[in-house]
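Notes follow once the structure below has been shown.
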Amino acid sequence: QVQLVESGGGLVQAGGSLRLSCAASGRTFSTYNMGWFRQAPGKEREFVSAIYWNSDNPYYADSVKGRFAISRDNAKNSVFLQMNSLKPEDTAVYYCAAGSSWNLRISSAYNYWGQGTQVTVSS
């Protein structure tokens with residue numbers, strides 16, 4: 001069982017930066033692949049970024065590639081999402097998720113989800 005708690009969201013102007021953190025409980029964090037998803041009002045949850053348990057081959061949605069960076073610290077049971085050059089269209093609730101499946105871009109690959117943190121980007 002893994003419990004996930006996101007933090008770091010907030011209100012930022014377009015062009016600004018935020019760093020999201022996701023703290024995980026449990027001793028098996030290092031064995032899970034981790035992902036970030038987001039959901040804007042009236043829209044479906046969408047993939048943002050993901051990283052394998054060993055930090056190999058991070059994945060990014062095309063909409064955030066070059067602006068966002070995912071990382072993890074297995075010693076601290078944490079995963080991070082550095083978000084730069086934020087745009088109003090990045091406004092959403094951001095969720096971190098943990099799973100064991102290889103297909104990191106789909107939400108069904110994840111078994112555990114956090115409650116989400118709100119990111120609002122003003123124009």
Legend entry - First in segment 91-104 and in contact (Cβ under 8 Å) with a residue 60 or more places away in the chain, second anywhere and in a loop (DSSP other than H, G, I, E, B) and open to solvent by 40 Å² or more (accessible area, probe 1.4 Å), Cβ under 6 Å, 6 or more apart: GLY99/ASN111
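Can you tell me which residues in segment 56-96 are part of a loop (DSSP other than H, G, I, E, B) and more than 20 Å from SER17 (Cα to Cα)? Can you show your working first?
Just the residues of segment 56-96 that are part of a loop (DSSP other than H, G, I, E, B), to begin with: 56-58, 61-67, 77, 84-87, 91.
Across segment 56-96, the qualifying residues are ASP56, ASN57, ASN77.
Residue-by-condition table, conditions (1) at pLDDT 95 or above; (2) not in a strand (DSSP E or B):
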| site | (1), (2) |
| --- | --- |
| VAL12 | yes, no |
| GLY16 | yes, yes |
| ARG19 | yes, no |
| ALA23 | yes, no |
| GLY26 | no, yes |
| MET34 | yes, no |
| LYS43 | yes, yes |
| PHE47 | yes, no |
Inset, instruction - For GLY35, state whether it is of a type in the set (Gly, Ala, Ser) and either surrounded by fewer than 20 Cβ atoms within 10 Å (Cβ to Cβ) or farther than 23 Å from SER101 by Cα (or both). - result: no
Inset, instruction - Run down GLU44, GLU6 and say which single residue is open to solvent by 60 Å² or more (accessible area, probe 1.4 Å), out of contact with any helix residue (DSSP H, G or I) (no Cβ under 9 Å at 6 or more places or on another chain) and under 16 Å from GLY116 (Cα atoms). - result: GLU44
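Could you count how many residues in segment 21-59 are over 10 Å from the mean Cα position of the chain (by Cα) and under 15 Å from ARG105 (Cα atoms)? Even if it seems obvious, please write down each step before you answer.
Step one: of segment 21-59, the residues over 10 Å from the mean Cα position of the chain (by Cα) are 23-33, 39-46, 52-59.
Going one step further and asking which of them are under 15 Å from ARG105 (Cα atoms), we end up with 32-33, 39, 44-46, 52-53, 56-59.
The number of residues fulfilling the criteria is 12.
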Inset, instruction - Considering every residue within segment 97-110, establish whether at least one is part of a strand (DSSP E or B) and of a type outside the set (Gly, Ala, Ser). - result: no
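Please go through segment 88-119 and pick out each residue that is exposed (fewer than 15 other Cβ atoms within 10 Å of the Cβ) and of a type outside the set (Gly, Ala, Ser). Break it down into steps so the answer makes sense when it comes.
Of segment 88-119, the ones exposed (fewer than 15 other Cβ atoms within 10 Å of the Cβ) are 88-89, 100-103, 106, 108, 111, 115, 118.
Within segment 88-119, PRO88, GLU89, TRP102, ASN103, ILE106, ASN111, GLN115, GLN118 meet the criteria.
The values are calculated or read from the model by the stated rules, or taken from the named source; none is laboratory data. Predicted model, so just to flag it, every value in this text is computed and none were measured. Methodologically, a virtual Cβ is constructed for each residue, glycine included, from the backbone with ideal geometry; neighbour enumeration extends over all protein chains shown. Note: areas computed on protein heavy atoms with side chains; ligands, DNA, RNA excluded. Shrake-Rupley method; radii C 1.70, N 1.55, O 1.52, S 1.80 Å.
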